[in-house]
Amino acid sequence: MKNSKALVLFSGGQDSTTCLFWAIKNFEKVETITFDYGQRHKTEINCAANISKDLGVPNKILDMSLLNQIAPNALTRSELEIKSENGELPNTFVDGRNLLFISFSSILAKQKNINNIITGICETDYSGYPDCRDIFTKSLNVTLNLSMDYNFIIHTPLMWLDKADTWKLADELGAFDYVKEKTLTCYNGIIADGCGKCPACELRKNGLDRYLLKRKGENIDEFRK
Ligand code: ZN
């Protein structure tokens, strides 16, 4: 898209890094915004800043510590153990987080004449977060456009993908190795494959294993033709 600009909500994790590569492919000018809400590990903020620099896109870090004042949770308080009990929302969930993040992003975007906003939120991400749903994103898009009289378009390239599909998308964008080696998903703050034990690492590894298995199968089919 010529003369098009996009702002990517960017945490330096697998999902948003895949979105960043997607944005670089689809838009002429890309910037990122990273939220500092008192994450357990400053590594996450550094990781997002480093990847942005590495890929040559401007990165803005926004102080969102107010979120931790009103809703302390396991992502920010190291004394809380991260857990999810049968069917309930995990205690990493923060009410309204995506609502706030996307809204703040849009305010910054408008100042920069950017109307495309890209977020890695995903309905298939079985945790059941209400503000990861497609209907929420569409509703917020309308609200933002009305509130600022501006034509924002919220893009959610991962909305209907599972973790294996997200690896596939990274691979199609030529970013498989980059995402695998440079991104941080682990709740214990370890880049790339992570600690291997926390729920985020398990989800990431499970998706990667399924994708690699599928890719192997497809290559065999290709070979047989
Ligand atoms: Zn981990």
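Bear in mind that the values in this text are calculations on the coordinates, not laboratory data. Here the structure is a predicted model, which means the values were calculated and not measured. Cβ coordinates were reconstructed from backbone atoms using ideal geometry, including for glycine residues, and neighbour counts include every protein chain displayed.
A few points about this structure:
- In plain terms, the chain from C195 to E28 could stretch by 56.5 nm, reckoned as 0.36 nm per residue minus the Cα-Cα distance.
- Alpha-carbon centroids, segment 102-154 and segment 165-225: separation in whole Å: 26
- Integer Hz, Karplus 6.51/-1.76/1.60 couplings in order for segment 138-146, x for Gly and Pro: 5, 5, 5, 4, 5, 4, 5, 4, 5
- All lysines inside 21 Å of K163 as judged from Cα atoms, apart from same-chain residues fewer than 8 positions distant: K25, K83, K180, K182, K197, K205, K214, K216
- Sorting 108-120, 49-61 by average packing, meaning the other beta carbons within 10 Å per residue, from highest down gives 108-120, 49-61.
- Annotation: amide H of V8 within the under-5 Å range of E31, T32, I33, I118, sequence separation 5 or more or interchain, hydrogens built in the peptide plane.
- Considering only segment 4-66, percent of DSSP beta bridges that pair antiparallel, nearest 5: 0
- Computed from backbone phi, the HN-Hα couplings of segment 54-64 come to 4, 8, x, 10, x, 10, 10, 9, 10, 6, 10 Hz, rounded to whole numbers (Karplus: 6.51 cos²θ - 1.76 cosθ + 1.60, θ = phi - 60°; Gly and Pro given as x).
- For segment 156-175, the residues whose amide N sits under 14 Å from a probe point set 7 Å from the Cα of L213 along the beta carbon direction are 163-165.
- Under Karplus coefficients 6.51, -1.76 and 1.60, residue-wise ³J(HN,Hα) of segment 106-111 in Hz, glycine/proline x: 5, 5, 5, 4, 4, 4
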